[in-house]
Each structure stands twice: as C-alpha cells, then as structure tokens.
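Have a look at the structure below, then the notes.
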Amino acid sequence: MKKILLIQPRHNYAPSFSEKKLGHVYLPTSLLAAAAILQHLDIDIDLVDENISFADLNHNIVGVNLVGAPYIPIAIDIENRLKKKFNDNFILLIGGQVVSGLTEIDMKSLFSSQTLSGNLIKTISQIFNVTEEQIPRIENLSLINAYKLITDENLKLYLEKEFSFYLSQGCRFSCSFCAAKRTIPKRIRVFEEYRDINIALEDFEYIISKAKSFKIEKLHIYLSNLDLFQSPEKLLLFAEGICQLFKKYYPISIVLRGLSTSQSFLRVHKNYPHIIFKMKEAGLDRIGFGIDGATPRVYKETRKPQSVQDCIDAVRICREEYGITPETLMVFGHNNFEDEIALIAAVDFSKEMQSKYDTIPRPHVAKDIVPGNDGWIKPENEKIRQEFYIHTSLFQNLDFTAIPSPITHPNREFRNLVTKYYRMVCDLPNSLTKYVLPELPSMSIRELNKVRLHNREQYDI
C-alpha cells in the first residue's frame, strides 16, 4: 500500500517554528477533501497542519495544499526540505486553486521535476497506479473519514474558531481579476457544482456531534460557495437540513456566513425570498457582497455582473428586509481601469453603506496578475512573470490584503493613491481587513524584518 503525508503549510505571517507558537489555526478543508479522495483509493495517509506542529517529512510522497499565491515560496521551501532528506527520491504534489492557475512553464520555472500538480487526475492516476476512472468526484464523497485523521485535541482547536465548510465550488460569472474556478470567456464555461446534499449534511452532523462532545456551544462557519445564491434550489435543501439538525442538537447554535454577488442575491430576493429567510433560520448571519469598485467603467472592464445601484439595493435589502449583516467586499485599485475619482467613489461607497446600513467593510487591493486570473497569462505580462521566477518572495505581494507594490502597481503615482484610499477603508470602524506590507527583493535585512514584524499574525479571514 502506498503512503502519503499531507501537509497544510504554516501561514506565511505566522511566528517561526522556533518560537513554539501556533500559527493560523483554521480547519484545512481543501486538504481534507484531497484526503477523502485518496482514502477512497485505499492510500495510507498521515496529515499534519504545520500551523500546529512541524512535519518531520518521514514520507517520500508528500502532498501540500496552497491556500493562495503567497504560499508558493512555502511550497518551494518544503521541496527543499525533501531534497535535503531524500535527494531526488521524492514526489511533492501541490494542490489548491492557485496551482490550477500555474502554466506548465510556471511549474518548470518554479519547481524541480519531482514537484507535480496534484490537481490533475492524470498525475494521481500515475503516482498511485490507478485508472482515471477509479478516481472519484469529490462532490460525491463524505469527508467524515478525513476528519478522523485529525486528533480530537486538534479538531477541538479548529471548531472553537471559525472554519470553512465545503458545500460547493465553481462560479458561472467571469470576473477578470478572480483566480477562483470560474467561467473564462471563449475558453471555459463553468457552473456551480454542489456536493451531494445528503452527504454534505451527514458531514455537517458529524461536526456538530464532535462539537457537542467537546462542549462547544456555538459554531462559526464559512460556507465555501463563491456565490451563495447562485443555485437557490440546492441551497434551500441544505438550509432545510441544517434546520432539522438545529432541532436534533439543541442548544448548539450555528452562525453562518458566505459570499454573494449582488445579482444572484437580488434574483433570489425577487423570485424566492423564502430561501433567504430559510437560510437565516439556518444561521446565516452575514453576507459578503462583492462590490469591487463603484463606477460603471470598472464593472464593465472587470466583467462584474452588476451596477452600483444593484450593490446599494442588495446591501439595503439584506439589512432592512432580512436582518442579515452585509459585508462590503471592496476589491479596488485596478491598473488602467480606475483613477483617483474612482478610488474616492469606492471609499465613499464603503463609508455610506456603513453609515446607512451598519455594514462591515472588507477592503482588498486589486491584483491584476495572479495565477488563475486573466492577467497572469497575457503575453504582455511575460516579463513580470519572469520576475516572480527569479524572486519568488514576490508572490507575497499578490496577497489581496497587501498594499500595492511596484510589481503589482508599476505606476508610482497610482500606487500611492491606491495605498492611501485602501488604508482609509481599512481604518473604518469595524473593518475586518488588516493590511499587510509587501516584501521586496530590494529591501535590506533591517527593512525586511520591519515589514515581517508588521505582518506578523495578520491573518485574513
């Protein structure tokens, strides 16, 4: 039987291992989904979250989940650790949505030939000597046996904090700056894919039962949907199941939050308002609306399926008609699509929505070149991609909470304007975003240490 060690890498803003402190403790749901697939193939699995404990790398087949582009240098570091221990006699499988955004040239430029994309069915088939037909769809698998790979001590740590629950993946919209699994015009048509609802509810019940055994009275859960109301009929089935679990496991309470486009929310509000009410009954407490600018031009250029009025209506209706707290997710600072007037409009929108509807601001900086989004594969950006190959620490600059840097915003004047207005939204009352500073190859050791001290434990949620 083949064995594999699955690793959740330590957060890039976590204290060093030598300090013997926890990193960002967050249930590694994507890694558990990978574990469920491998368990189905009868592969022996060890699982380590390096935010909790250091991995000894006592396996020469290792799988690593990358949460985003800033984790690429950490994967390179793990590869170097494996080289030191096994020379070239190892396989490192890297997974996560960002890996799907890396081209074959990217992989060869960043990693050795021992590191492969674990997202590819063909790779899994070859490594573990199974047919591609034997590899199951994750939508039809329970994660319960994967949860059982986690010790009760660690599972309790995860469930005491907010954690993610895998309900669906994929989005039919094609927002150009998004690096998630989404439609790409003229190339890929994507639809939201739900898990088997009965299996998902069984997983949910398992989590509740474990929480009850740990004497945890309230669970805070982030639903994985990229656009919560995109498939309302399936969402209703999930909500009804959660309400039944409420009754069964009373008095445990559940607080849910998720993301939504204004368009999908308004469509469900118009045609199926009972579904939103049922989700509230199931514990939906906050909805993060992707506002992402405040001008018609930026919506057109980034293919956002909304108008400014749609955003205002969604926020107002969410608060006034359903009593759910709106979050205003404001990704702004797009090169070439925004100017100072547009940036001021984004700030004013965030302020006005908070003043009128007590919204929670969540600003982020637009990054036009991220593996998986439109900008990464544009031929005119090849020279910039080469910079990432040479200085892999630059991937940290692609953190959407990082202030602009010369690699993400080459125009100094615009970069300074984006920094100014982004920090203004970060400084609004109750804003959830903790901005971080970019690491640059030109920095001295002293400057780099100062940046890392500022960024320490600035975990985005």
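The values are calculated or read from the model by the stated rules, or taken from the named source; none is laboratory data. Because the structure is predicted, anything quoted here is derived from the model rather than measured. As a convention, Cβ positions derive from the backbone with ideal geometry for all residues, glycine included, and neighbour counts pool all protein chains shown.
Output yes when any residue across segment 32-49 is buried (at least 18 other Cβ atoms within 10 Å of the Cβ), in contact with a Gly (Cβ under 7 Å, 6 or more places away or on another chain) and without any contact (Cβ under 8 Å) to a residue 60 or more places away in the chain, and no when none is. Checked against the condition, which is being buried (at least 18 other Cβ atoms within 10 Å of the Cβ), in contact with a Gly (Cβ under 7 Å, 6 or more places away or on another chain) and without any contact (Cβ under 8 Å) to a residue 60 or more places away in the chain, segment 32-49 yields no hits at all. When segment 142-162 is filtered for residues that are among the hydroxyl-bearing types (Ser, Thr, Tyr) and over 22 Å from ILE254 (Cα atoms), only THR151 remains.
Determine which member of the set GLY288, GLY293 is on the phi > 0 side of the Ramachandran plot and in the same structural domain as ARG423 (by TED's automatic domain parsing).
GLY293
Looking across segment 399-426, just one residue is within 23 Å of the chain's Cα centre (by Cα) and among the acidic types (Asp, Glu), and that is ASP399. Listed here are the helices (runs of 4 or more DSSP H) enclosed by segment 68-158 that have at least 3 residues being among the β-branched types (Val, Ile, Thr): 72-86, 121-128.
A single entry from VAL365, VAL370 fulfils the requirement of being at pLDDT below 95, on the phi < 0 side of the Ramachandran plot and in the same structural domain as LYS300 (by TED's automatic domain parsing): VAL370. If the condition is being surrounded by fewer than 20 Cβ atoms within 10 Å (Cβ to Cβ) and either among the aromatic types (Phe, Trp, Tyr) or farther than 17 Å from TYR71 by Cα (or both), then segment 376-399 contributes ILE377, LYS378, PRO379, GLU380, ASN381, GLU382, LYS383, ILE384, GLN386, TYR389. For the condition more than 22 Å from the chain's Cα centre (by Cα) and surrounded by fewer than 19 Cβ atoms within 10 Å (Cβ to Cβ), ILE276 does not qualify. Just for segment 442-461: of the residues that are under 24 Å from LEU22 (Cβ atoms) and hydrophobic (A, V, I, L, M, F, W, C), which one is surrounded by the most Cβ atoms within 10 Å (Cβ to Cβ)? The qualifying residue surrounded by the most Cβ atoms within 10 Å (Cβ to Cβ) is VAL451. Does at least one position in segment 318-328 carry a residue that is part of a helix (DSSP H, G or I) and either closer than 23 Å to MET424 by Cβ or outside the structural domain of LEU432 (by TED's automatic domain parsing) (or both)? There is at least one residue in segment 318-328 that is part of a helix (DSSP H, G or I) and either closer than 23 Å to MET424 by Cβ or outside the structural domain of LEU432 (by TED's automatic domain parsing) (or both).
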